[in-house]
1. Mind listing whichever residues of the stretch 166-186 are in a helix (DSSP H, G or I) and either away from the ligand (no atom under 11 Å from the Cβ) or farther than 14 Å from GLY36 by Cβ (or both)?
2. Tell me, please, whether a residue that is within 21 Å of GLY167 (Cα to Cα) and touching a residue at least 24 places away in the same chain (Cβ under 8 Å) can be found in the stretch 20-28.
3. Kindly provide the set of residues from the stretch 113-156 that are acidic (Asp, Glu), part of a loop (DSSP other than H, G, I, E, B) and away from the ligand (no atom under 12 Å from the Cβ), ordered by number.
4. Which residues, counting only those in the stretch 67-112, are in contact with a Lys or Arg (Cβ under 8 Å, 6 or more places away or on another chain) and free of Cβ contacts under 8 Å to residues at least 60 places away in the same chain?
5. Consider CYS62 against the criteria (1) out of contact with any strand residue (DSSP E or B) (no Cβ under 6 Å at 6 or more places or on another chain); (2) of a type outside the set (D, E, K, R); (3) within 15 Å of the ligand (Cβ to nearest atom): it satisfies all of them except one. Which criterion is unmet?
6. Name the residue, out of GLY15, GLY36, GLY53, GLY32, that is modelled with pLDDT of 95 or more, part of a loop (DSSP other than H, G, I, E, B) and either surrounded by 22 or more Cβ atoms within 10 Å (Cβ to Cβ) or more than 15 Å from the ligand (Cβ to nearest atom) (or both).
7. Go through the stretch 89-103 and give me each residue that's under 15 Å from LEU29 (Cα atoms) and assigned to a helix (DSSP H, G or I).
8. From (1) away from the ligand (no atom under 12 Å from the Cβ); (2) part of a helix (DSSP H, G or I); (3) not hydrophobic (A, V, I, L, M, F, W, C), pick out the condition that doesn't hold for PRO41.
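The values are calculated or read from the model by the stated rules, or taken from the named source; none is laboratory data. A quick note: this is a predicted structure, and the numbers were derived from the prediction, not measured. Because the Cβ atoms are built from the backbone with ideal geometry, glycine has one as well, and the counts that use them run over all protein chains shown.
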Amino acid sequence: EIVRSAAAAAAAERGAERIVACMRNRTQLTLGLATGATMTPLYARLVAASRAGLISFREVTCFNLDEYVGLAPSSAGSFHRYMHEHLFGHVDIEAGRARLPNGMAEDVAAEAAAYEAQIAASGGIDLMLLGIGANGHIGFNEPGSDFASRTREVELDEATRVANAGGFPDLAHVPRRAITMGIATILQARSILLVATGSEKAAAVAAAIEGPIGPACPASALRLHRNVEIICDEKATAALA
Ligand code: F6R
């Protein structure tokens, strides 16, 4: 299902409303979460809903999609820091229930396997929130990623490093590697909510929805899932037929 909203703010509002509805319906919930510019206004709305007493994270477990390899949690640009600043630092989530992959792990493969096991032990992800890269990536599953992939270490595309450089002093500081949930990990979620805003995402949104299903556009894998909602602003839908 594709929902088009006129402005980016309206898309964030709809995305937040969907999550709030889910949290009010069931307090014991496992959420999959994304970082990035698209999610910032959405998390601001979740924080407001939490402050207003509409939702509580007390019994919610969160698993973020990804984290850079080699960045300390407190470093500028780390997704740990992003989540603390935009969501976890402002809501009543228990520290142990706010999970991200540990990019500082000595054995990244073991960390990736442990992360998969933790997701499974939590009962699996009920609602997976996704953004989309201008190159069609979901999580940090760059073009070419196997649809059977699980949480693992990946190399970032140069375009992704450039797109994410804003959080760092300069491009040279953007890590080259990350840990990300795999495409199969994402598709295992019971429901998926993708939010895309801005004209930079228009081509990726069109490829994901109307292009061939295959690794050239990782987000096209979402068409293999039965419960996906895509929320776009007007600009992100500009290339759709
Ligand atoms: C972030 C993530 C990425 C972003 C995507 C869009 O945790 O997994 O897939 O969702 O790169 O990022 P923004 O919203 O910054 O355009």
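1. Just the residues of the stretch 166-186 that are in a helix (DSSP H, G or I), to begin with: 166-167, 171-173, 183-186.
Selection gives LEU171, ALA172, HIS173, ILE183, ALA184, THR185, ILE186.
2. no
3. ASP126, ASP146 - these are the residues of the stretch 113-156 that are acidic (Asp, Glu), part of a loop (DSSP other than H, G, I, E, B) and away from the ligand (no atom under 12 Å from the Cβ).
4. PRO73, SER74, SER75, HIS90, ASP92, ILE93, GLU94, ALA109
5. CYS62 satisfies all of (1) out of contact with any strand residue (DSSP E or B) (no Cβ under 6 Å at 6 or more places or on another chain); (2) of a type outside the set (D, E, K, R); (3) within 15 Å of the ligand (Cβ to nearest atom) except (1).
6. Checking each option against the conditions leaves just GLY53.
7. Result: GLY96, ARG97.
8. Just one mismatch for PRO41, condition (1).
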